[in-house]
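**Q** Mind having a look at this structure? Questions to follow.
The values are calculated or read from the model by the stated rules, or taken from the named source; none is laboratory data. It should be emphasised that the depicted structure is a prediction, and the values quoted were computed from it without experimental measurement. Here the Cβ is made from the backbone with ideal geometry for all residues, glycine too, and neighbour counts use every protein chain on show.
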Amino acid sequence: MFWKTSSTVALCSAANFINAADRVIMPIAIIQMTDEFKWDLHGQGWVLSSFAIGYMSSQVIGGSAAKKYGGKYMLALAVFMWSLSTLLTPLFAHSFYALFLSRVVLGIGEGIGLPTVFHIFAHTIHQDERSRAFGYLVALGSIGQTIAAIVCPHLPWRYMFYLFGSLGFVWVALWLVLYKEMRGPDEEEFVDPPKVTSSNVMWTEFISHWPLWSLYIAHFSMNWANYIIMQWLPTYMTRTLGAASSDIMYTAVPYIMNSIVGVAAGHFADSLIAKKWTILSVRRLMTCLGLLGPGLFLLLFSAVYNVPLAIIFISISMSLSACNSSGHLSNHAEVAPNHAGITFAISNTLATIPGILCGPLTAELVTQSHGRWFPVFILAALINFVGAIIYQSQSSSSQVI
C-alpha cells in the first residue's frame, strides 16, 4: 500500500531536499561573506537568525491556507517564494538590511512549506505507513543538507545561491504537472478517515491539550540543538577547532548519518506497530531516542577539540535526532488528523524561536565566556532532556481535536 502513495512522498521529500539545502548555504557562505563585508560576530548572528524570523511568522498561515485552499498550490507557492529569495540573495548582500529582509522572505516561504506537507500527509498517508513517509521526508532534507555541505565549500559564495535557488523552479514545474489533488466539497478526502471530523474548532483548542503541548515542547527541544548545529558548526570548526576551509565539507557527515537513520528509524517504527506495539509506545520510544541521545552526544562534543572526534560525536547526535521523525513529528496526524497542518504550524512556530535566539544568544554566550563554547552546548543538551521528560509523560496517540 505504501508504494501507492510513493509519488506524493517522493515529490514532498524532494521539496524538503531543496528546503534544507537552501538553509545550509548561508552558514557556509557567511565565512566568505564575513571576510568580504567585515561583519563582526553579532552581525553574523543576526544574518543567521533573520531566516527564522520569517519562518516563524508564516507557519500558522501556511497550515491554515493549506486546509482552505488545498496543498497543491500552497506548496508550489512556498517553493517558488523561497527559491526566488535564494536566487536573488547575492544581489542584496551588499546591504546588510536588504540581506536581512531577503532572508526573512526565505523564511516566510519555507515556513509555509512544511505545514502544507504535513497537511498533505495527514490526508494521503495511512496511519501504519506514516513513520516511513516522515522518515523519507526528513531523510531527503538531510541529503539536501549533505549535498549543500559538500558542494558549497568549493564554490564562490554567490554561486552557492545561484545553484540551489534554481532547483526550486524545476521542482515547481514537476509538482504542478505530476501531483493530482483529490478534494471533496469543502475539504480534501482522507485516505484514512479520522474518527471525528471537526472542521470548525476554536483556536483555543490548539493550546488547551497537554498531548498537543507535548508535541510543541518536544519539537522546540529538538530544534534548539539542530539550529545550533546548522547555524554554527562551520564557524565553530573553523574558528575554534582550527579546521581548514577544505575540512568544512565534513560538516556533511552529520547530515548523511541523519538521512540514513531517518529512513531506518521509520521502517523500524512501522515494524514495531506491525508487531502489535501500541502507537503511543512507539512514538514515545522514538522521541526518547531522538532527544536524550542527541543531548548526551552534544555534551561529549563540547568536551573534545579534535576535529575527527568532534565530527563523530556530532554525527551520532544528528543521527539519533532523526528518530524524532517517527516520534513526535508523526504524532500530529494521530492527535489532530483534521488539523495536522495547523498543529504542526503552531509547533514549528514555537520551535523556530530557537532559530531566532541561537544566532545572537550564541554570540553573546561565547563572548561572555571569553571564546568558550561549552555553555552553548550544555544549554542545548538540558533543553533536550527536559523535552524528552515532558513528552514521555504527556503525549497521546488518541485524537484530541
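**Q** Condition check: in a loop (DSSP other than H, G, I, E, B) and either surrounded by fewer than 21 Cβ atoms within 10 Å (Cβ to Cβ) or within 16 Å of the chain's Cα centre (by Cα) (or both). Does residue 399 satisfy that? Steps first, answer last, please.
**A** Details: in a loop (DSSP other than H, G, I, E, B): yes; either surrounded by fewer than 21 Cβ atoms within 10 Å (Cβ to Cβ) or within 16 Å of the chain's Cα centre (by Cα) (or both): yes.
For residue 399, the condition - in a loop (DSSP other than H, G, I, E, B) and either surrounded by fewer than 21 Cβ atoms within 10 Å (Cβ to Cβ) or within 16 Å of the chain's Cα centre (by Cα) (or both) - is met.
**Q** Here's another thing I want to ask about it. Which of the helices (runs of 4 or more DSSP H) found entirely inside segment 283-366 contain at least 3 residues meeting this: within 19 Å of residue 382 (Cα to Cα) and touching a residue at least 12 places away in the same chain (Cβ under 8 Å)?
**A** 307-321
**Q** Follow-up question, since we're still on this one. Please indicate, with yes or no, whether at least one residue in segment 78-93 is modelled with pLDDT of 90 or more, among the aromatic types (Phe, Trp, Tyr) and within 15 Å of residue 58 (Cβ to Cβ).
**A** Checked against the condition, which is being modelled with pLDDT of 90 or more, among the aromatic types (Phe, Trp, Tyr) and within 15 Å of residue 58 (Cβ to Cβ), segment 78-93 yields at least one hit.
**Q** Spot the failing condition for residue 13; the list is (1) of a type in the set (Ser, Thr, Tyr); (2) within 14 Å of residue 99 (Cβ to Cβ); (3) crowded, with 18+ Cβ neighbours inside 10 Å, and only one is missed.
**A** Unmet for residue 13, out of (1) of a type in the set (Ser, Thr, Tyr); (2) within 14 Å of residue 99 (Cβ to Cβ); (3) crowded, with 18+ Cβ neighbours inside 10 Å: (2).
**Q** Right, something else. Take residue 316 and decide whether it is out of contact with any strand residue (DSSP E or B) (no Cβ under 8 Å at 6 or more places or on another chain), modelled with pLDDT under 95 and not charged (D, E, K, R).
**A** Here the answer is no, as residue 316 does not meet what is asked.
**Q** Mind listing whichever residues of segment 92-131 are of a type in the set (D, E, K, R) and surrounded by 24 or more Cβ atoms within 10 Å (Cβ to Cβ)?
**A** Answer for segment 92-131, where residues must be of a type in the set (D, E, K, R) and surrounded by 24 or more Cβ atoms within 10 Å (Cβ to Cβ): 103, 110, 130.
**Q** Of everything in segment 109-128 that's touching a Ser or Thr at 6+ places or on another chain (Cβ under 7 Å) and assigned to a helix (DSSP H, G or I), which residue is farthest from residue 52 (Cα to Cα)?
**A** Here the answer is 124.
**Q** Which of the residues spanning segment 367-396 are in contact with a Phe, Trp or Tyr (Cβ under 7 Å, 6 or more places away or on another chain) and part of a helix (DSSP H, G or I)?
**A** 377, 380, 383, 387, 394
**Q** Within segment 149-179, can you find the residues that are surrounded by fewer than 16 Cβ atoms within 10 Å (Cβ to Cβ) and small (Gly, Ala, Ser)?
**A** 166, 173
**Q** Determine which member of the set 124, 34 is of a type in the set (S, T, N, Q) and modelled with pLDDT of 85 or more.
**A** When all the criteria are applied, what remains is 34.
**Q** Just to verify a result, which residue in segment 22-81, among those that are crowded, with 19+ Cβ neighbours inside 10 Å and polar (S, T, N, Q), is farthest from residue 177 (Cα to Cα)?
**A** Once the filter is applied, the top-ranked residue is 44.
**Q** Could you give every pair whose Cβ atoms fall below 8 Å, whose first residue belongs to segment 125-146 and is farther than 12 Å from residue 327 by Cα, and whose second residue is of a type outside the set (A, V, I, L, M) and not in a helix (DSSP H, G or I), counting only separations of at least 6 or pairs across chains?
**A** As it stands, the answer is 125/192; 126/192; 127/192, since those pairs meet every condition given.
**Q** Taking the options 323, 288, name whichever one is buried (at least 24 other Cβ atoms within 10 Å of the Cβ) and either at pLDDT 90 or above or more than 19 Å from the chain's Cα centre (by Cα) (or both). Step through it out loud before you land on a result.
**A** On the way: 288 fails: buried (at least 24 other Cβ atoms within 10 Å of the Cβ).
On inspection, the qualifying residue turns out to be 323.
**Q** Right, another one. Criterion first (at pLDDT below 90, more than 21 Å from residue 385 (Cα to Cα) and of a type outside the set (A, V, I, L, M, F, W, C)) does residue 258 satisfy it?
**A** Details: at pLDDT below 90: yes; more than 21 Å from residue 385 (Cα to Cα): no; of a type outside the set (A, V, I, L, M, F, W, C): yes.
No.
**Q** It is to be established whether one or more residues within segment 260-271 are hydroxyl-bearing (Ser, Thr, Tyr), under 18 Å from residue 379 (Cβ atoms) and not in a loop (DSSP other than H, G, I, E, B).
**A** No, there is no match, as no residue in segment 260-271 is hydroxyl-bearing (Ser, Thr, Tyr), under 18 Å from residue 379 (Cβ atoms) and not in a loop (DSSP other than H, G, I, E, B).
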